[in-house]
Amino acid sequence: MNEFDKRILSDDGLFFWLCQMAGQLDSAVVIINPKKSFTIEYVNQMFMYMTGYSETDMIGSTLSLLHGQHTDMLNEKDLQESIEKGVTFKTSYFLYRKDGFSFWSEVSHLAMRNQLGELQYCVLTMRDVTDSMNVEALIELERDVYFSLEKGGTFESVMGNICDTVATTFSKECHCSIVLLDENERVLKIYGELCKDLKRLDENALLMGIRIGDMGRLHKPIIIEDLLKSEYCESHHDLVKKYHLVALWAQPILNMEGKIIGVFTMYFKQHVDPKDIDLKFLNRIAPIATLAVKYFDQKKAIRRLAYQDVASGLNNFERFKNILNEMIADGSAGHIYIVKPGEYQTIIDLYGRRGGDEVLSQLANRVQSLSTFANSIIARYTHSTIIVATRLSLREMRIPQKEFDLVLSDPYYIDGKEVYVTLKVGTSIYSTQVTLTEAVHRADTALSSALKVNGTVIKKFDQSLIESVEQEMNVLSHFSRGIKNSEFFPMLQPKVNLKTGEIESFEALARWMSAELGFVTPALFIPVAENTGNIYKVDRAIFQKVLQWQKKRLEAGLRLYQVSINISPSHFYNASFVENSIALIKKYCIDPKFIKFEITESVELDNVLRAKKIINELQHFGVATSIDDFGVGYSSLSYLQELPFEEIKIDKSFVDNLCDPRMNAVIKTIIQLSSNLNMVSVAEGIETEQQHNELKKLGCKIGQGYYYYKPMPIEQIDVLLAEQMTVQ
Ligand code: C2E
Ligand code: CA
Ligand code: CA
């Protein structure tokens, strides 16, 4: 025996030596005898501390004493196999303490052989790695949550997953649920395996928590060691017993701002004594739930933004289209209404956008509350309109005039102030034959024509509306070329002295012979030009041609007549109107007394100060002015006194109603008043001898109308004037 051989230990010696060594280590050590069915022969102090088992419990027993519900038996098998083969091995193991608490243990195994190479003992060192395993579980859960959020997982599934993870990762068997609260800390929803049954308990626990907890306490976990003894469940003993519940832990879930948005509740079937590591775990899992809640809240907000008009809280048009398209696909048909408060712009001027939003949302609510519209879809269409689709069958269709009147009978309120509105409504029909886009377009067209009428009006779409819009668009698209190619020209209509029948002067009326469109009536192109700010181009074109005519007559030594040029209000108020007009008159060297400007009486003339200044400037230069269409719409005899027009033109509508005694009296007053103000009154549209006589009797000086002459081309006027000369 050499020195080395002498030192070889006997089996007992080896065992003794191993025990000595294990006693000194600060990790848990178990010595197992593979020859005696893997029974435990030794445990050190650290092991006893870690598992709660004593030497007596363990010696002669096997490691399976530490197994429990969630212990993975595959691990156990691997360990056994490696022991049998005598190879070194390391694994993580889910084990249970004597008191039922579970923990993660990292187990390394060392094979001890005698000098013959026979396996004598296995030394297992064990380390509690619960903390790092929890962290890993959390990281995995976090990944899971992110993943299922990414994949569009439901809120329920994400919450369920969190509950499952808590229940399985947690060191003790438990039921976990998540209770979410609303802004007022009332229970919103509960998630988790037993949530339905435990809901009552959860709610109760929560209410209690809120009752006992001042805010400071609520933000910390609530631990109830014995549910049956606690006031939390006084009235829920049945549930506690049914599920054999012993303890409850509740961990508040806080949002990013630190406000409580929910609670984790964990119900244990055994007595539990939370350790630091458990509390840490709870603290770490709460932010994952917070993250999921926040994500879904944001998603909801985005959804809301995508389908809701934020300002009014109404559905937006996108949502309207989605619903209606589905209905049309299902064969539905009905009416579409686009509704605009007539006073929308005034409301915006007085109360701002918010006022407009407010009126639209009140309007929508009122419409919705009427039985006719009960099943209809209502949304905001544009900033000033709402859109309604009713689900009537086509046979029942009628225009709900009464209903729209009803929603107007009471005032609307903005900032507590009463606002009365009228409604402009455009309506059309949608069905499987008419696409939604087409139906909305039609209702829009109908609304445009409703907007032209005073008061509350419902206009039904009909094809002619589209045609007239198309016609206007057509006119507009050819207009500029018409101006450029000098396609506009004046026709002259004589103004006649009622006493003598002599031609006193003329009015120039614009005509358009378009190369592409043919003859276009003024009734069509004048409004289009006015609405698009182009009317000044027409006025100037006519003015210039009149001046050219006068210059030609002047040069030919013929008598000149005064010609009235029609000027639209927008042109009249243009800053350079006076200057440009004077320049043009000077350019043709025409005496300004042969020019008169006819300005249509309109609401714009209400700006008396500006109008007066312009009229005075023109007068100063020697150009006369006339107020056209007097008596239509905006008549205000009062401002007549302030505006120094030389002429007042009594509108044809008055002349047409001369035999109505009241109308007759009005005309008489106008004529007298104008004569007092040194204005010449001209009656327009005289068509009969009777009208002629009556106007003469009322003191009217000048007349114009088909009874005397129709508007005529300049060449014809030259002929007419030449004839009259020869007669004289
Ligand atoms: P207005 O200035 O009131 O012109 C009188 C209109 O009545 C003219 O229509 C004329 O042809 C028509 N008229 C004259 N006598 C009779 C009559 O006895 N019976 C009937 N039924 N009608 C009669 P017109 O030429 O179609 O012009 C329509 C309107 O277009 C004008 O009304 C005027 O407001 C506007 N307008 C015409 N030319 C111009 C222009 O160069 N510039 C501007 N801004 N507006 C113009
Ligand atoms: Ca006129
Ligand atoms: Ca007129």
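When residues of the stretch 608-635 are filtered for being assigned to a loop (DSSP other than H, G, I, E, B), surrounded by 14 or more Cβ atoms within 10 Å (Cβ to Cβ) and modelled with pLDDT under 95, how many remain?
Just the residues of the stretch 608-635 that are assigned to a loop (DSSP other than H, G, I, E, B), to begin with: 622-623, 631-635.
Now drop any that are not surrounded by 14 or more Cβ atoms within 10 Å (Cβ to Cβ), which leaves 623, 631-632, 634-635.
When the remaining residues are screened for being modelled with pLDDT under 95, the result is 631-632, 634-635.
Residues flagged as assigned to a loop (DSSP other than H, G, I, E, B), surrounded by 14 or more Cβ atoms within 10 Å (Cβ to Cβ) and modelled with pLDDT under 95 within the stretch 608-635 amount to 4.
Condition (residue is in contact with a strand residue (DSSP E or B) (Cβ under 6 Å, 6 or more places away or on another chain), modelled with pLDDT under 80 and not hydrophobic (A, V, I, L, M, F, W, C)) applied to the stretch 138-155: is it met by at least one residue?
At the first step, the residues of the stretch 138-155 found to be in contact with a strand residue (DSSP E or B) (Cβ under 6 Å, 6 or more places away or on another chain) are none.
Within the stretch 138-155 (the criterion being in contact with a strand residue (DSSP E or B) (Cβ under 6 Å, 6 or more places away or on another chain), modelled with pLDDT under 80 and not hydrophobic (A, V, I, L, M, F, W, C)), the answer is no, since none of the residues qualifies.
Residue-level check: of (1) modelled with pLDDT of 80 or more; (2) out of contact with any Pro (no Cβ under 9 Å at 6 or more places or on another chain), Trp249 misses just (2). For the stretch 591-607, a tally of residues being among the hydroxyl-bearing types (Ser, Thr, Tyr) and modelled with pLDDT of 95 or more returns 0.
Residues in the stretch 705-728 that are out of contact with any Pro (no Cβ under 7 Å at 6 or more places or on another chain) and not in a helix (DSSP H, G or I): Gly705, Tyr706, Tyr707, Lys710, Pro711, Met712, Pro713, Gln728. Looking at the stretch 92-104, can you tell me whether even one residue there is surrounded by fewer than 20 Cβ atoms within 10 Å (Cβ to Cβ), closer than 17 Å to Leu18 by Cα and not hydroxyl-bearing (Ser, Thr, Tyr)? Within the stretch 92-104, not a single residue is surrounded by fewer than 20 Cβ atoms within 10 Å (Cβ to Cβ), closer than 17 Å to Leu18 by Cα and not hydroxyl-bearing (Ser, Thr, Tyr).
Among the residues of the stretch 687-711, what is the count of those that are of a type in the set (Gly, Ala, Ser) and at pLDDT 95 or above?
First, pick out the residues of the stretch 687-711 that are of a type in the set (Gly, Ala, Ser): 699, 703, 705.
Add one more test, that the residue is at pLDDT 95 or above, and what stays is 703, 705.
Of the residues in the stretch 687-711, 2 are of a type in the set (Gly, Ala, Ser) and at pLDDT 95 or above.
Within the stretch 669-722, the set of residues being more than 15 Å from ligand 3 (Cβ to nearest atom), exposed (fewer than 15 other Cβ atoms within 10 Å of the Cβ) and among the hydroxyl-bearing types (Ser, Thr, Tyr) comprises Thr669, Thr688. Within the stretch 641-652, the set of residues being more than 11 Å from ligand 1 (Cβ to nearest atom) and assigned to a helix (DSSP H, G or I) comprises Gln641, Glu642. When the strands (runs of 3 or more DSSP E) confined to the stretch 216-277 are screened for residues that are among the small types (Gly, Ala, Ser) and surrounded by 13 or more Cβ atoms within 10 Å (Cβ to Cβ), those reaching at least 2 such residues are found at 247-254. A single entry from Ser361, Ser312, Ser332 fulfils the requirement of being within 21 Å of Ala443 (Cα to Cα), among the polar types (S, T, N, Q) and in a loop (DSSP other than H, G, I, E, B): Ser332.
Contact map, the stretch 587-601: first residue within 13 Å of ligand 3 (Cβ to nearest atom), second residue among the basic types (Lys, Arg) and not in a strand (DSSP E or B), Cβ cut-off under 8 Å, separation 6 or more or different chains; the map is empty.
Candidates in the stretch 513-568 are the residues that are among the charged types (D, E, K, R), in contact (Cβ under 8 Å) with a residue 12 or more places away in the chain and surrounded by fewer than 13 Cβ atoms within 10 Å (Cβ to Cβ); of these, the one that is nearest to ligand 1 (Cβ to nearest atom) is Glu516. Within the stretch 120-136, if we keep just the residues that are closer than 17 Å to Leu95 by Cα and over 60 Å from the mean Cα position of the chain (by Cα), the residue that is surrounded by the most Cβ atoms within 10 Å (Cβ to Cβ) turns out to be Met126. Note on the stretch 468-512: among residues that are of a type in the set (Val, Ile, Thr) and within 21 Å of Ile535 (Cβ to Cβ), the one that is surrounded by the most Cβ atoms within 10 Å (Cβ to Cβ) is Val475.
Across the stretch 635-678, which residue is farthest from Lys696 (Cα to Cα) among those that are among the aliphatic types (A, V, I, L, M) and out of contact with any helix residue (DSSP H, G or I) (no Cβ under 8 Å at 6 or more places or on another chain)? Checked the stretch 635-678; the qualifying residue farthest from Lys696 (Cα to Cα) is Ala665.
Taking each residue of the stretch 335-349 that is over 12 Å from Ala364 (Cα atoms) and looking for partners that are among the charged types (D, E, K, R) and part of a strand (DSSP E or B) with beta-carbon atoms closer than 9 Å, six or more apart or interchain, yields Gly342/Lys424. Taken together, the criteria place Thr385 among residues that are closer than 21 Å to Glu358 by Cβ, surrounded by 12 or more Cβ atoms within 10 Å (Cβ to Cβ) and of a type in the set (Ser, Thr, Tyr).
Taken over the stretch 368-383, the criterion of being in a helix (DSSP H, G or I) and in contact with a strand residue (DSSP E or B) (Cβ under 6 Å, 6 or more places away or on another chain) is satisfied by Gln368 alone. Answer yes or no as to whether Val655 is in contact (Cβ under 8 Å) with a residue 40 or more places away in the chain, within 25 Å of Leu509 (Cβ to Cβ) and assigned to a helix (DSSP H, G or I). Yes, satisfied.
The values are calculated or read from the model by the stated rules, or taken from the named source; none is laboratory data. Because the structure is a prediction, the values reported are computed rather than measured. Reconstructed Cβ throughout: ideal geometry from the backbone, glycine too, with neighbour counts over all protein chains shown.
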